[in-house]
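Colleague: Let me begin by handing over the structure; questions about it come next.
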Amino acid sequence: MLTLLGEHACFGGVQRFYQHDSSAIGLPMRFSIYLPPGFEAKGLPVLFYLAGLTCTEETFAIKGGAQRVAAEEGLALVMPDTSPRGANVAGETDSWDFGVGAGFYVDATQAPWSRHYRMYSYILELRELVLREFGLDAERCGIFGHSMGGHGALVLALRNPTLFRSVSAFAPIAAPTRCPWGDKAFSGYLGPDKASWNAYDATELVASGPVRFPQGILVDQGLADKFLAEQLNPDAFEAACAEAGQPVTLRRHAGYDHGYYFISTFVEEHLRLHRRQLG
């Protein structure tokens, strides 16, 4: 059951905010959705956006500047929260890069996180929910995201290419098994067995499997991003794609940092690319 929390007219469509009970998480979860003009006709393509560390279901809706293009393209946008809220796990609010606001789109296997921190399964659950509730086209789903959410988008797409037909990312954590953010999150959520971490590492997934997206993957990266050198590893992802024969376009942008000024600059190109690929 969906509970409508807010609704706002936007570029001839509507921006809505919802809460629902999640079976994957075991707690109420929130998400936002932009429905373009004519959404009542059903059968629209849909694009999921996964946000980064500390963000919520509101962040991209407010800062991304995507609704105008989504309205023009007849594209629904779905924006979930980034972690469970109210799990009451000891220490979950102690740091900004682990716990609340930092679910990393994995299914935790380590207690006490494993009870509620199941964001990988939640995104798949949410996909089915919005397809059913809003009459969206199951054959035309894409996914993209930023930073931690870029990591999540790449992983979900690479592991589920029949569910997500297009994928792109802004400044993704492209090889989390090789960076401090990933080491901290995966150690806590997944435990010490680093072999199990590879299932949530886009670079490892590309290297270990067949070509899933022959139409290509788009990644945008700002060269003034303060997290680029230590955390993001786009070069490793690009190299793995080249080795595996997976087409990828990694665009490097001088002067751009890690934030939403960067995202809002290039989001139109991402939406129009997804719309072309989804058909």
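The values are calculated or read from the model by the stated rules, or taken from the named source; none is laboratory data. Being a predicted model, the structure only gives us computed values, none of them experimental. Backbone-built Cβ (ideal geometry, glycine too); neighbour counts: all protein chains shown. These accessible areas exclude ligands, DNA and RNA; they are computed on the full protein's heavy atoms, side chains included. Shrake-Rupley method; radii C 1.70, N 1.55, O 1.52, S 1.80 Å.
Colleague: Rounded if a/c is under 1.5, else prolate if a/b is larger than b/c, else oblate: which is the stretch 135-277, with a ≥ b ≥ c the root eigenvalues of its Cα gyration tensor?
Modeller: Working: a/c = 1.56, a/b = 1.11, b/c = 1.41.
Cα axes put the stretch 135-277 in the oblate bin.
Colleague: Rounded, prolate or oblate: which one fits the stretch 1-143, using the alpha carbon gyration tensor with axes a ≥ b ≥ c (rounded when a/c is under 1.5, else prolate when a/b beats b/c, else oblate)?
Modeller: Here the stretch 1-143 falls in the prolate category.
Colleague: Taking the Cβ of A51 as the centre, find all other residues whose Cβ is under 11 Å away and add up their charges (Lys, Arg: +1; Asp, Glu: -1).
Modeller: -2
Colleague: Report, ordered by chain and residue number, the lysines lying within cross-link reach of K226, taken as a straight Cα distance under 27 Å and ignoring same-chain residues fewer than 8 apart.
Modeller: Cross-link targets: K63, K184, K194.
Colleague: To the nearest Å, what is the center-to-center distance of the stretch 111-168 and the stretch 249-274, using C-alpha atoms only?
Modeller: Cα centroid of the stretch 111-168 versus Cα centroid of the stretch 249-274: 21 Å apart.
Colleague: Could you do me a favour and compute the accessible area per residue for the chain, 1.4 Å probe, result in Å²?
Modeller: Per-residue value: 39 Å².
Colleague: Can you give the calculated 222 nm mean residue ellipticity of the chain, where each DSSP H run of n ≥ 4 adds -39,500 (n - 2.57) and the sum is split over every residue, rounded to the nearest 500 deg cm²/dmol?
Modeller: Taking each H run of at least 4 residues, the total per residue is -9500 deg cm²/dmol.
Colleague: So for the pair A199, V211, with labels modelled 7 Å out along Cα→Cβ, what separation do we get in nm?
Modeller: If labels sit at A199 and V211, their model points lie 2.8 nm apart.
Colleague: With Cβ to Cβ distances under 15 Å as the rule, what net charge do the other residues near M29 carry (K, R +1; D, E -1)?
Modeller: Numbers: positive: R16, R30, R85, R115, R118, R127; negative: D21, E57, E58, D81, D107, E125, E128, E133.
That works out to -2.
Colleague: Of all accessible surface on the chain at a 1.4 Å probe, what whole percent is carbon and sulfur?
Modeller: So the carbon and sulfur contribution to the accessible surface is 51 percent.
Colleague: Sticking with this structure for a sec: Count the net charge of all other residues whose Cβ sits under 11 Å from the Cβ of N233, scoring Lys and Arg as +1 and Asp and Glu as -1.
Modeller: -3
Colleague: Just need log10 I(q)/I(0) for the chain at q = 0.07, 0.16 Å⁻¹, Debye formula, equal scatterers on the alpha-carbon atoms, no solvent, rounded to two decimals.
Modeller: Each listed q corresponds, in turn, to -0.22, -1.26.
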